[in-house]
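Contents: one structure, followed by commentary.
The values are calculated or read from the model by the stated rules, or taken from the named source; none is laboratory data. Please read these numbers as outputs of a predicted model, since none were measured by experiment. Please note: Cβ atoms are built from the backbone with ideal geometry, for glycine as well, and neighbour counts cover all protein chains shown. Accessible surface is based on the protein model in full, side chains and every heavy atom, while ligands, DNA and RNA are left aside. Shrake-Rupley method; radii C 1.70, N 1.55, O 1.52, S 1.80 Å.
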Amino acid sequence: MTGDRDASFPADAGADPARGSDGHVFVVIPAFNEGPAIGEAVRSVRARYEHVIVVDDGSSDDTGDRAREAGAVVVTHLINRGQGAALKTGLDFGLRCGAKVLVTFDADGQHHSDDIEALVAPVLSGDFDVTLGSRFLRRDNRIPFVRRYILKVGILVTWLLSGIRLTDTHNGLRAFSRTAAQRIRIVQDRMAHASEIIDEIAMRGLRYKEIPVRITYSEYSMKKGQSSGAGFRVLLDFILGKVAR
Amino acid sequence: MLTIQVLVVGFALFALALAVSRFRKRSIGLLEFLVWFSFWSAVGVVGVVPDITYRFAALLGVGRGVDAVSYVTLLMLCYLAFRQRIASRNLEQQLTQLVRRLALEDAERRR
(Lines give C-alpha, C1' and ligand atoms only; values in the text may rest on other atoms or scores of the structure.)
Protein backbone atom coordinates (compact mmCIF):
# COMPACT_ATOMS: atom_id res chain seq x y z
CA MET A 1 0.00 0.00 0.00
CA THR A 2 2.81 2.37 0.71
CA GLY A 3 4.86 1.18 -2.26
CA ASP A 4 8.37 0.86 -0.92
CA ARG A 5 9.53 -2.18 0.93
CA ASP A 6 10.50 -1.53 4.55
CA ALA A 7 13.64 -2.71 6.24
CA SER A 8 12.45 -5.95 7.79
CA PHE A 9 13.23 -7.48 11.13
CA PRO A 10 15.43 -10.57 10.82
CA ALA A 11 13.63 -13.82 11.50
CA ASP A 12 16.03 -14.57 14.35
CA ALA A 13 15.92 -11.34 16.33
CA GLY A 14 18.99 -11.98 18.43
CA ALA A 15 21.13 -9.65 20.48
CA ASP A 16 23.16 -6.95 18.80
CA PRO A 17 26.57 -6.68 20.46
CA ALA A 18 27.28 -3.42 18.64
CA ARG A 19 24.32 -1.81 20.37
CA GLY A 20 24.81 -3.72 23.60
CA SER A 21 21.09 -4.46 23.73
CA ASP A 22 18.79 -7.43 23.80
CA GLY A 23 17.45 -8.11 20.34
CA HIS A 24 14.03 -8.96 21.67
CA VAL A 25 13.30 -5.39 22.71
CA PHE A 26 11.04 -3.60 20.26
CA VAL A 27 10.38 0.13 20.49
CA VAL A 28 7.00 1.31 19.23
CA ILE A 29 6.62 4.93 18.16
CA PRO A 30 3.13 6.08 17.19
CA ALA A 31 3.35 9.12 14.92
CA PHE A 32 0.95 11.52 13.26
CA ASN A 33 2.37 14.29 11.09
CA GLU A 34 5.73 14.18 12.86
CA GLY A 35 7.82 14.65 9.72
CA PRO A 36 10.15 17.24 11.32
CA ALA A 37 10.89 15.12 14.40
CA ILE A 38 10.46 11.45 13.55
CA GLY A 39 13.81 10.93 11.84
CA GLU A 40 15.78 12.10 14.86
CA ALA A 41 13.54 10.14 17.23
CA VAL A 42 14.09 6.92 15.28
CA ARG A 43 17.81 7.45 14.90
CA SER A 44 18.27 8.13 18.59
CA VAL A 45 16.43 4.94 19.50
CA ARG A 46 18.18 2.84 16.84
CA ALA A 47 21.53 3.91 18.22
CA ARG A 48 20.63 1.68 21.17
CA TYR A 49 17.93 -0.69 19.99
CA GLU A 50 17.71 -2.38 16.66
CA HIS A 51 14.00 -2.92 16.35
CA VAL A 52 11.95 0.23 15.93
CA ILE A 53 8.34 0.16 14.77
CA VAL A 54 6.82 3.45 13.72
CA VAL A 55 3.07 3.44 13.32
CA ASP A 56 2.20 6.15 10.83
CA ASP A 57 -1.29 7.10 11.92
CA GLY A 58 -2.64 8.43 8.66
CA SER A 59 -0.15 11.28 8.35
CA SER A 60 -0.56 13.75 5.54
CA ASP A 61 3.14 14.66 5.55
CA ASP A 62 6.26 12.55 4.98
CA THR A 63 6.33 10.95 8.44
CA GLY A 64 6.35 7.43 7.04
CA ASP A 65 9.11 8.10 4.53
CA ARG A 66 11.32 9.84 7.06
CA ALA A 67 10.85 7.04 9.57
CA ARG A 68 11.72 4.49 6.93
CA GLU A 69 14.83 6.41 5.90
CA ALA A 70 15.94 6.48 9.52
CA GLY A 71 15.70 2.69 9.65
CA ALA A 72 12.32 2.01 11.24
CA VAL A 73 9.80 -0.55 10.09
CA VAL A 74 6.69 1.47 9.31
CA VAL A 75 3.16 0.22 9.84
CA THR A 76 0.68 2.56 8.19
CA HIS A 77 -2.88 3.39 9.18
CA LEU A 78 -4.78 4.46 6.06
CA ILE A 79 -6.66 7.06 8.06
CA ASN A 80 -5.93 8.75 11.37
CA ARG A 81 -7.33 6.82 14.30
CA GLY A 82 -5.55 8.35 17.28
CA GLN A 83 -2.48 7.71 19.39
CA GLY A 84 -4.11 4.93 21.38
CA ALA A 85 -5.09 3.08 18.24
CA ALA A 86 -1.63 3.52 16.72
CA LEU A 87 0.03 2.33 19.89
CA LYS A 88 -2.10 -0.81 19.97
CA THR A 89 -1.29 -1.50 16.32
CA GLY A 90 2.40 -1.15 17.08
CA LEU A 91 2.19 -3.47 20.09
CA ASP A 92 0.32 -6.06 18.02
CA PHE A 93 2.93 -5.91 15.28
CA GLY A 94 5.76 -6.16 17.78
CA LEU A 95 4.15 -9.26 19.28
CA ARG A 96 3.88 -10.78 15.80
CA CYS A 97 7.60 -10.11 15.31
CA GLY A 98 8.46 -12.04 18.47
CA ALA A 99 9.13 -9.17 20.85
CA LYS A 100 9.79 -10.09 24.47
CA VAL A 101 9.71 -6.51 25.69
CA LEU A 102 7.80 -3.68 24.03
CA VAL A 103 8.64 -0.07 24.73
CA THR A 104 6.38 2.83 23.78
CA PHE A 105 8.14 6.08 22.90
CA ASP A 106 6.85 9.43 21.70
CA ALA A 107 7.71 10.77 18.28
CA ASP A 108 7.87 14.44 19.16
CA GLY A 109 11.30 14.50 20.77
CA GLN A 110 10.11 14.81 24.38
CA HIS A 111 11.55 11.44 25.36
CA HIS A 112 15.19 10.43 25.58
CA SER A 113 16.33 7.08 24.26
CA ASP A 114 18.92 6.66 27.02
CA ASP A 115 16.04 6.28 29.49
CA ILE A 116 14.85 3.12 27.76
CA GLU A 117 17.45 0.86 29.35
CA ALA A 118 16.26 1.69 32.88
CA LEU A 119 12.69 0.94 31.81
CA VAL A 120 13.55 -2.34 30.11
CA ALA A 121 15.82 -3.86 32.75
CA PRO A 122 13.14 -4.62 35.41
CA VAL A 123 10.90 -6.17 32.75
CA LEU A 124 13.67 -8.25 31.17
CA SER A 125 14.64 -9.56 34.59
CA GLY A 126 11.07 -10.71 35.13
CA ASP A 127 10.62 -8.69 38.31
CA PHE A 128 7.93 -6.50 36.77
CA ASP A 129 5.37 -6.76 33.97
CA VAL A 130 5.19 -3.05 33.19
CA THR A 131 7.44 -0.10 33.86
CA LEU A 132 6.12 3.44 33.57
CA GLY A 133 8.21 6.51 33.00
CA SER A 134 7.67 9.38 35.42
CA ARG A 135 8.79 12.92 34.80
CA PHE A 136 8.01 13.88 38.38
CA LEU A 137 10.57 11.48 39.84
CA ARG A 138 13.32 13.63 38.42
CA ARG A 139 13.88 17.07 39.89
CA ASP A 140 15.68 18.41 36.84
CA ASN A 141 12.65 18.18 34.51
CA ARG A 142 11.30 21.62 33.70
CA ILE A 143 7.57 21.20 33.43
CA PRO A 144 5.40 24.18 32.41
CA PHE A 145 3.14 25.27 35.27
CA VAL A 146 -0.21 24.72 33.54
CA ARG A 147 0.89 21.34 32.20
CA ARG A 148 2.10 20.33 35.68
CA TYR A 149 -1.25 21.31 37.20
CA ILE A 150 -3.27 19.40 34.61
CA LEU A 151 -1.09 16.32 35.03
CA LYS A 152 -1.56 16.46 38.80
CA VAL A 153 -5.33 16.50 38.32
CA GLY A 154 -4.96 13.51 36.00
CA ILE A 155 -2.98 11.69 38.67
CA LEU A 156 -5.74 12.29 41.23
CA VAL A 157 -8.50 11.19 38.88
CA THR A 158 -6.60 8.05 37.90
CA TRP A 159 -6.13 7.20 41.55
CA LEU A 160 -9.86 7.63 42.20
CA LEU A 161 -10.98 5.64 39.17
CA SER A 162 -8.30 2.95 38.92
CA GLY A 163 -7.07 2.70 42.49
CA ILE A 164 -3.45 3.05 41.38
CA ARG A 165 -1.41 5.88 42.80
CA LEU A 166 1.28 7.04 40.41
CA THR A 167 3.41 10.13 40.14
CA ASP A 168 2.89 10.44 36.36
CA THR A 169 -0.14 8.91 34.64
CA HIS A 170 0.24 10.37 31.16
CA ASN A 171 3.79 9.58 30.20
CA GLY A 172 4.16 7.85 26.86
CA LEU A 173 7.42 6.17 27.83
CA ARG A 174 6.60 2.67 29.08
CA ALA A 175 7.83 -0.89 28.79
CA PHE A 176 5.65 -3.98 28.68
CA SER A 177 6.59 -7.62 28.98
CA ARG A 178 5.27 -9.78 26.17
CA THR A 179 2.66 -11.24 28.50
CA ALA A 180 1.53 -7.82 29.68
CA ALA A 181 1.26 -6.57 26.09
CA GLN A 182 -0.84 -9.59 25.22
CA ARG A 183 -3.12 -9.16 28.20
CA ILE A 184 -3.87 -5.46 28.29
CA ARG A 185 -6.80 -4.31 26.25
CA ILE A 186 -6.47 -0.89 24.60
CA VAL A 187 -9.82 0.21 23.20
CA GLN A 188 -9.54 3.98 23.56
CA ASP A 189 -8.34 5.34 20.22
CA ARG A 190 -7.38 8.83 21.36
CA MET A 191 -5.52 10.21 24.35
CA ALA A 192 -7.66 8.47 26.97
CA HIS A 193 -5.65 5.32 26.22
CA ALA A 194 -3.07 6.45 28.76
CA SER A 195 -5.65 6.28 31.56
CA GLU A 196 -6.97 3.06 30.12
CA ILE A 197 -3.54 1.43 30.29
CA ILE A 198 -3.30 2.30 33.99
CA ASP A 199 -6.78 0.88 34.52
CA GLU A 200 -5.82 -2.33 32.72
CA ILE A 201 -2.69 -2.69 34.86
CA ALA A 202 -4.88 -2.46 37.95
CA MET A 203 -7.62 -4.77 36.67
CA ARG A 204 -5.25 -7.47 35.49
CA GLY A 205 -3.04 -7.35 38.56
CA LEU A 206 0.12 -6.61 36.58
CA ARG A 207 3.30 -5.84 38.52
CA TYR A 208 4.39 -2.30 37.76
CA LYS A 209 7.10 0.13 38.71
CA GLU A 210 7.71 3.79 37.99
CA ILE A 211 11.07 4.82 36.59
CA PRO A 212 12.44 8.40 36.56
CA VAL A 213 12.75 9.68 33.00
CA ARG A 214 13.73 12.94 31.38
CA ILE A 215 11.20 15.03 29.49
CA THR A 216 12.25 17.87 27.22
CA TYR A 217 9.60 20.37 26.22
CA SER A 218 10.40 22.14 23.00
CA GLU A 219 8.39 24.71 21.09
CA TYR A 220 7.62 21.98 18.57
CA SER A 221 6.44 19.43 21.12
CA MET A 222 4.37 21.99 23.03
CA LYS A 223 2.62 22.99 19.82
CA LYS A 224 1.91 19.37 18.96
CA GLY A 225 0.84 18.41 22.47
CA GLN A 226 -2.64 18.45 23.96
CA SER A 227 -4.33 21.71 24.78
CA SER A 228 -5.41 22.24 28.38
CA GLY A 229 -9.05 21.78 27.46
CA ALA A 230 -8.30 18.45 25.84
CA GLY A 231 -7.60 17.04 29.30
CA PHE A 232 -11.30 17.20 30.10
CA ARG A 233 -12.13 15.41 26.88
CA VAL A 234 -9.68 12.66 27.84
CA LEU A 235 -11.39 12.30 31.20
CA LEU A 236 -14.86 12.11 29.63
CA ASP A 237 -13.73 9.54 27.06
CA PHE A 238 -12.14 7.43 29.78
CA ILE A 239 -15.22 7.50 32.01
CA LEU A 240 -17.53 6.74 29.07
CA GLY A 241 -15.25 3.86 28.14
CA LYS A 242 -15.50 2.39 31.63
CA VAL A 243 -19.29 2.73 31.63
CA ALA A 244 -19.68 1.21 28.19
CA ARG A 245 -17.28 -1.70 28.85
CA MET B 1 -59.13 22.63 18.24
CA LEU B 2 -56.25 25.09 18.55
CA THR B 3 -53.74 25.52 15.73
CA ILE B 4 -50.99 23.91 17.79
CA GLN B 5 -53.18 20.86 18.39
CA VAL B 6 -53.75 20.51 14.65
CA LEU B 7 -50.01 20.74 14.03
CA VAL B 8 -49.17 18.20 16.75
CA VAL B 9 -51.79 15.70 15.56
CA GLY B 10 -50.79 16.25 11.94
CA PHE B 11 -47.14 15.66 12.66
CA ALA B 12 -47.95 12.59 14.77
CA LEU B 13 -49.97 11.10 11.91
CA PHE B 14 -47.14 11.83 9.48
CA ALA B 15 -44.62 10.17 11.82
CA LEU B 16 -46.92 7.17 12.27
CA ALA B 17 -47.23 6.77 8.50
CA LEU B 18 -43.43 6.97 8.22
CA ALA B 19 -43.00 4.30 10.90
CA VAL B 20 -45.46 2.00 9.12
CA SER B 21 -43.74 2.59 5.78
CA ARG B 22 -40.27 1.86 7.23
CA PHE B 23 -41.60 -1.27 8.92
CA ARG B 24 -43.14 -2.53 5.71
CA LYS B 25 -39.87 -1.91 3.85
CA ARG B 26 -38.11 -3.74 6.70
CA SER B 27 -35.92 -0.72 7.44
CA ILE B 28 -36.88 -1.12 11.09
CA GLY B 29 -37.74 -4.24 13.05
CA LEU B 30 -40.94 -5.07 14.89
CA LEU B 31 -39.76 -3.93 18.31
CA GLU B 32 -38.55 -0.57 17.06
CA PHE B 33 -41.77 -0.12 15.06
CA LEU B 34 -43.89 -0.84 18.13
CA VAL B 35 -41.86 1.66 20.19
CA TRP B 36 -42.28 4.45 17.62
CA PHE B 37 -45.93 3.54 17.00
CA SER B 38 -46.68 3.78 20.71
CA PHE B 39 -44.73 7.01 21.05
CA TRP B 40 -46.37 8.85 18.14
CA SER B 41 -49.79 7.49 19.09
CA ALA B 42 -49.29 8.96 22.56
CA VAL B 43 -48.26 12.28 20.98
CA GLY B 44 -51.41 12.23 18.86
CA VAL B 45 -53.61 11.50 21.88
CA VAL B 46 -52.02 14.37 23.83
CA GLY B 47 -52.60 16.61 20.82
CA VAL B 48 -56.33 15.72 20.73
CA VAL B 49 -56.86 15.63 24.51
CA PRO B 50 -54.16 17.85 26.04
CA ASP B 51 -55.87 17.76 29.45
CA ILE B 52 -54.73 14.15 29.76
CA THR B 53 -51.28 15.49 30.64
CA TYR B 54 -52.67 16.90 33.88
CA ARG B 55 -53.63 13.43 35.00
CA PHE B 56 -50.15 12.26 34.06
CA ALA B 57 -48.62 15.16 35.99
CA ALA B 58 -50.73 14.38 39.05
CA LEU B 59 -49.47 10.80 38.89
CA LEU B 60 -45.88 12.05 38.92
CA GLY B 61 -46.51 14.66 41.60
CA VAL B 62 -45.74 17.51 39.20
CA GLY B 63 -47.81 20.69 39.06
CA ARG B 64 -48.51 21.23 35.35
CA GLY B 65 -49.06 18.80 32.50
CA VAL B 66 -46.60 20.55 30.24
CA ASP B 67 -43.93 20.33 32.94
CA ALA B 68 -44.45 16.58 33.25
CA VAL B 69 -44.17 16.16 29.49
CA SER B 70 -41.02 18.32 29.45
CA TYR B 71 -39.33 16.31 32.20
CA VAL B 72 -40.13 12.99 30.54
CA THR B 73 -39.03 14.31 27.13
CA LEU B 74 -35.76 15.59 28.58
CA LEU B 75 -35.04 12.23 30.19
CA MET B 76 -35.81 10.43 26.95
CA LEU B 77 -33.58 12.76 24.95
CA CYS B 78 -30.69 12.26 27.37
CA TYR B 79 -31.11 8.52 27.15
CA LEU B 80 -31.25 8.59 23.35
CA ALA B 81 -28.17 10.82 23.23
CA PHE B 82 -26.33 8.37 25.46
CA ARG B 83 -27.39 5.44 23.27
CA GLN B 84 -26.28 7.34 20.20
CA ARG B 85 -22.92 8.08 21.77
CA ILE B 86 -22.41 4.40 22.54
CA ALA B 87 -23.40 3.38 19.01
CA SER B 88 -21.06 5.97 17.55
CA ARG B 89 -18.24 4.77 19.78
CA ASN B 90 -18.81 1.18 18.69
CA LEU B 91 -18.64 2.22 15.05
CA GLU B 92 -15.40 4.08 15.70
CA GLN B 93 -13.93 0.98 17.31
CA GLN B 94 -14.94 -1.19 14.38
CA LEU B 95 -13.36 1.29 12.00
CA THR B 96 -10.14 1.23 14.00
CA GLN B 97 -10.10 -2.56 13.97
CA LEU B 98 -10.50 -2.52 10.19
CA VAL B 99 -7.74 0.07 9.72
CA ARG B 100 -5.47 -1.90 12.06
CA ARG B 101 -6.11 -5.14 10.26
CA LEU B 102 -5.27 -3.60 6.90
CA ALA B 103 -2.13 -1.97 8.32
CA LEU B 104 -0.88 -5.20 9.91
CA GLU B 105 -1.59 -7.26 6.80
CA ASP B 106 0.29 -4.76 4.67
CA ALA B 107 3.22 -4.70 7.08
CA GLU B 108 3.34 -8.52 7.22
CA ARG B 109 3.40 -8.71 3.44
CA ARG B 110 6.41 -6.43 3.33
CA ARG B 111 8.33 -8.21 6.11
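Below, the figures for the structure above:
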read-out	value
Cα gyration tensor shape for the stretch A:27-112, rounded if a/c is under 1.5, else prolate or oblate	oblate
Cβ neighbours within 10 Å from other chains - mean over A:121-127	0
The stretch A:171-223 versus the stretch B:4-78: alpha-carbon centroid distance in Å	48 Å
In Hz, Karplus ³J(HN,Hα) per residue of the stretch A:53-61 (6.51, -1.76, 1.60; θ = phi - 60°; x = Gly, Pro)	10, 9, 9, 7, 8, x, 5, 9, 9
In order through the stretch A:209-220: 3J(HN,Hα) via Karplus (6.51 cos²θ - 1.76 cosθ + 1.60), integer Hz, x for Gly, Pro	8, 8, 10, x, 9, 8, 10, 10, 8, 10, 4, 4
Peptide A:73-82 - average C-beta neighbours from other chains (10 Å radius)	5
Heavy-atom SASA rank of A:E219, A:E196, B:E92 (probe 1.4 Å, accessible area, largest first)	A:E219, B:E92, A:E196
Nearest-10 value in Å² for the accessible area of A:K100, using the 1.4 Å probe	110 Å²
5 angstrom amide H check on A:V52, placed H, neighbours 5+ away	A:V27, A:V73
Average other protein chain Cβ within 10 Å of Cβ, residues A:86-92	3
Accessible carbon and sulfur surface of the protein assembly as shown relative to its total accessible area, %, 1.4 Å	59 percent
Accessible surface, per residue, of the protein assembly as shown when the full set of protein chains is kept, probe 1.4 Å, Å²	53 Å²
Principal-axis tilt of helix B:30-48 within chain B, Cα atoms, nearest 10 degrees	30 degrees
A:E117 accessible area, 1.4 Å probe, all protein chains in place, Å² to nearest 10	130 Å²
Under-5 Å amide H pairs with B:V62, H placed in peptide plane, nonlocal only	none
Probe 1.4 Å, all protein chains present, accessible-area order of B:R26, A:R178, largest first	B:R26, A:R178
Between A and B, accessible area buried - total, square angstrom, nearest 100, 1.4 angstrom probe	2300 Å²
Accessible surface ranking that places the most exposed of A:Y149, A:Y208, A:Y49 first, with a 1.4 angstrom probe	A:Y149, A:Y208, A:Y49
Among A:61-73, B:70-82, B:10-22, the order from most to least packed when residues are scored by Cβ within 10 Å on average	A:61-73, B:10-22, B:70-82
Degrees between helix B:65-109 axis and first principal axis of chain B (Cα, 0 to 90, nearest 10)	10 degrees
B:A17 versus A:K152: modelled label distance in nm, points set 7 Å from Cα along the beta carbon direction	6.4 nm
Extension gain (nm, one decimal) between B:A87 and B:L7, 0.36 nm per residue minus Cα-Cα	25.6 nm
The stretch A:14-156: relative contact order as a whole-number percent, Cα under 8 Å and 6+ apart	24 percent
Charge dipole (debye, nearest 20) of the stretch A:47-188; +1 at Cβ of Lys and Arg, -1 at Cβ of Asp and Glu	660 debye
About the Cα centre, charge dipole magnitude for the stretch B:51-106 (Lys/Arg +1, Asp/Glu -1 at Cβ), debye	100 debye
Percentage relative contact order, chain B, counting C-alpha pairs under 8 Å, at least six apart	18 percent
